[in-house]
Amino acid sequence: MTSKIGEATKVKFSVIPAQRTMERAMILRKGEAPFQFETAIGTLFALKGTAEYKELGPQSYRAAWVGGVLIQGLATRASANIRKWSDLKGKKVASYPYHAAPQHHVDASLAYGNLRSKDVAFVPMSGYPAGAKALLAGSVDAASLAAESAPAKELAASVQGVSWLPLPNITPEDKAAWARFQNILPGFFPVRTPRAAGASKDKPVDIWGYYYHVIAFDDTDKNLVYWFTKQINENYPAFKTVSAYLSTWTLEECLKPEAWFAPWHEGSIQYFKDIGRWTPEMEAKQQTMLATHPQKMTRLK
């Protein structure tokens, strides 16, 4: 994406690789980069000052863009015949005591199914990849999996097959279950999709979705954030073919307030206003998010 924006604007971007959450956080806090690409759960942890951000406290992150939907779910081997949440009782579930993100996925999933940790047999994993390998090997009965990932596709193609524990959002009971899920993971939302491994247009699955965020600190220059938000929107035709995922980075997908949880940067808001896309509903959601996350200027000075 940045390469295409660079070609159009003649601005050179320096992309700093950082795999770990705290690596990315410190680059932003030290001012080595004005923007950070972060997962929904990483952004949530930063805003709340939990998990990896516990020592730093709540961060004054503000959204400059919200990317397209990524999909994930609690996967099982189809051959295990675990089709509904009650089937999961007593089964071995991958847990992640050293990795907060996938553990929150598991905790929220169990909450949806009205299950508690004592209802399943947690098997500790060193991280997300280990959980995926354990599910493929049959060492656990369920694990959190990115629904379009290589492990999910590998499991779907195997003799065991893949099955996704269902998280529909249709009945009042479903909606109550989703309220329990979102109490743990606000900003995550129900998705019925044919994109998941093992699914199809004729047989979509009900799992969860979330957005990637382009974030900046609240005190980042308003004009810079305005410019970058504008460039993402205006250069979408150029970068949408770079990857299937970037094709989902549309303005329409970005401006869905029901899935927002990170306050917007004032520069981005001004851009959305200038193109006539900022609505009273969006402003109301912005004020709610600011009331929830009022912290300011938490970067290193």
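The values are calculated or read from the model by the stated rules, or taken from the named source; none is laboratory data. Quantities reported herein were computed from a predicted structural model and do not represent experimental measurements. Note: ideal-geometry Cβ built from the backbone for every residue, glycine included; neighbour counts use all protein chains shown.
Might you check whether a residue that is out of contact with any strand residue (DSSP E or B) (no Cβ under 6 Å at 6 or more places or on another chain), modelled with pLDDT of 95 or more, among the basic types (Lys, Arg) and not in a loop (DSSP other than H, G, I, E, B) occurs anywhere in the stretch 275-283?
no
Of all positions in the stretch 246-268, none carries a residue that is in the same structural domain as residue 217 (by TED's automatic domain parsing), of a type in the set (Phe, Trp, Tyr), closer than 29 Å to residue 3 by Cβ and part of a helix (DSSP H, G or I). The requirement of being at pLDDT 95 or above and outside any strand (DSSP E or B) is fulfilled nowhere in the stretch 63-77; no residue meets it. Of the strands (runs of 3 or more DSSP E) that lie entirely inside the stretch 101-210, those containing 3 or more residues that are in the same structural domain as residue 90 (by TED's automatic domain parsing) and surrounded by fewer than 21 Cβ atoms within 10 Å (Cβ to Cβ) span 121-124, 189-193. Of 29, 83, 77, all but one fail to be surrounded by 15 or more Cβ atoms within 10 Å (Cβ to Cβ), touching a Leu at 6+ places or on another chain (Cβ under 9 Å) and outside the structural domain of residue 243 (by TED's automatic domain parsing); the exception is 77. Being touching a residue at least 60 places away in the same chain (Cβ under 8 Å), out of contact with any helix residue (DSSP H, G or I) (no Cβ under 7 Å at 6 or more places or on another chain) and more than 29 Å from residue 275 (Cα to Cα): is that true of residue 180 here? Answer is no for this residue.
Restricted to the stretch 1-52, and to residues there that are of a type in the set (Asp, Glu) and within 19 Å of the chain's Cα centre (by Cα), the residue that is farthest from residue 71 (Cα to Cα) is 23. For the stretch 38-62, a tally of residues being surrounded by fewer than 17 Cβ atoms within 10 Å (Cβ to Cβ) and in a strand (DSSP E or B) returns 0. Of the numbered criteria (1) more than 30 Å from residue 272 (Cβ to Cβ); (2) free of Cβ contacts under 8 Å to residues at least 60 places away in the same chain, the one residue 227 fails is (1).
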